[in-house]
Structures are given as structure tokens and as C-alpha cells.
Amino acid sequence: MLEKSAPPLEEGLLADAYLLSSVLFANPEAMERESTDARIDNLCNELELQGRPDIAHHFGLFREELWDISEDEYLFTLEMTPSSPPYLGSYGFDAPKSCSDIGANERNMYMIEVAAVYKHYGMEMEHGEMPDYFPAICEFLAISLVEEDLRARKLRKGFIESLVLPFLPDFIRGLGKKPWAHIVTAVAELIATEIEGGVEG
């Protein structure tokens with residue numbers, strides 16, 4: 001992951017990387033090719049300028065595969081009975097076995113915790129999506145970076161360490177050789193720069 005000698009990343013760049021990661025989980029059919037390629041290229045260039053070509057490499061690998069992703073590959077990997085559901089809780093908790101289990105189900109409690117952190121920062125889920133939806137996690141990681149209150153920053157750190165990081169390895173393994181594995185790997189490495197304190201304001 002992150003070497004101790006790796007240089008810090010500016011928070012603005014970190015936020016851009018998290019936001020782009022969120023966007024890149026959309027259906028490629030809904031993306032505008034020229035602007036998407038430009039955003040990935042600009043991010044990769046900036047990461048390289050700040051001494052992180054390793055993270056840029058993952059975004060570059062995704063870009064190489066992005067426009068070859070078929071509608072079926074997208075739908076059956078991430079949406080319709082997905083082989084690799086983009087919900088972090090599904091990599092740590094079993095789904096409820098009956099209706100009576102839903103209220104006390106561990107995954108449900110996990111999502112309540114995630115949603116509570118969002119609410120603290122004024123972020124609400126839209127369109128009926130679940131709180132542990134990976135693009136929403138990425139969006140939150142970007143938005144919450146601007147918070148300067150010490151208690152809120154501590155809450156964010158705890159959120160990352162207990163509600164995000166434990167589930168990323170299994171998500172990456174679940175994606176296997178699918179293109180989105182590059183994005184989740186990049187996010188894991190971006191988070192590592194924060195855990196190691198390698199972030200500049």
C-alpha cells in the first residue's frame with residue numbers, strides 16, 4: 001500500500017480523486033466520453049505531479065478499459081443481481097434471513113451507523129439508494145474533507161477506520177478482474193494517505 005516515504009497529498013486533490021471515483025461507478029453509457037477522459041487525465045497528471053504515480057496508475061488502468069465495458073457487464077456486475085454488489089456492508093454482513101430479522105440485522109445496524117455519520121455532516125441519500133453504496137461513500141469522503149472542527153474530523157477518521165476500510169479488501173476480491181477493481185484499489189490507497197497522515201491542507 002503506502003510507503004512511509006510517500007509524499008502528502010493536498011486535500012483539494014484528494015477530494016477530486018474521491019469525487020471522480022464516485023462518478024466512475026456510473027453506467028458508461030451515461031458518461032460523456034471526452035469530458036470523462038479529460039477528468040481522468042487531469043487527475044492522473046496531478047497525482048503524478050504530487051508524487052503519487054502509483055495511485056494515478058490505477059485510474060489510468062480503469063480508463064484503458066472504461067469504453068470497452070458493455071451494458072451487460074455493467075448491469076450484471078453492479079446492478080441486476082450483481083456479482084459484485086457496490087454496497088460495502090454486503091462484504092461484512094449476511095442479508096437478513098426473514099422479515100423479522102431485518103430490524104436487528106447487523107447489516108441494517110451498520111447502515112444506520114453510516115447514515116448517522118452522513119447526517120452529522122448534513123449529507124442525505126437520494127433516490128432511495130442505501131447508505132453503504134460505494135459511490136456515496138466516496139462522495140462523503142470528498143465532502144467531509146473540508147470540515148475543520150476537530151470532533152468532526154475525529155468522527156470522519158473513525159468512520160473510515162471502522163465502516164469503510166474493513167470492507168474494501170473483500171470488495172476488491174469480489175470484483176476480481178473487473179475494471180472497477182482499479183477504482184476501489186485507488187480509493188483504498190487514497191485512504192491510506194490519510195491514515196498515515198500524508199495529507200496537506
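Since every read-out is calculated from the coordinates, none of them should be taken as a lab result. It should be emphasised that the depicted structure is a prediction, and the values quoted were computed from it without experimental measurement. We place every Cβ from the backbone using ideal geometry, glycine too, and count neighbours over all the protein chains shown.
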Estimated vicinal HN-Hα couplings, Hz - region 177-184 in sequence order (Karplus 6.51, -1.76, 1.60; Gly, Pro = x): 9, 5, x, 5, 4, 5, 5, 5
Distant-in-sequence amide H partners of E147 (H built 1.01 Å from N, under 5 Å): none
Sequence-distant residues sharing a close amide H with L9 (under 5 Å, placed H): V199, E200
Value of [θ]222 nm, deg cm²/dmol, for the chain, DSSP H segments ≥ 4, -39500 (n - 2.57) each, nearest 500: -16500 deg cm²/dmol
Table column - 3J(HN,Hα) (Hz), region 109-116, Karplus curve with 6.51, -1.76, 1.60, x for Gly and Pro: 5, 4, 5, 5, 5, 4, 5, 5
Region 139-201 and region 1-70: distance between their alpha carbon centers, rounded to Å: 14 Å
Lysine pair number, Cα distance threshold 28 Å (strictly under), the chain, separation 8 or more or different chains: 4
Pairwise FRET efficiency - D68 versus K154, Cβ, R0 = 45 Å, nearest 0.05: 0.60
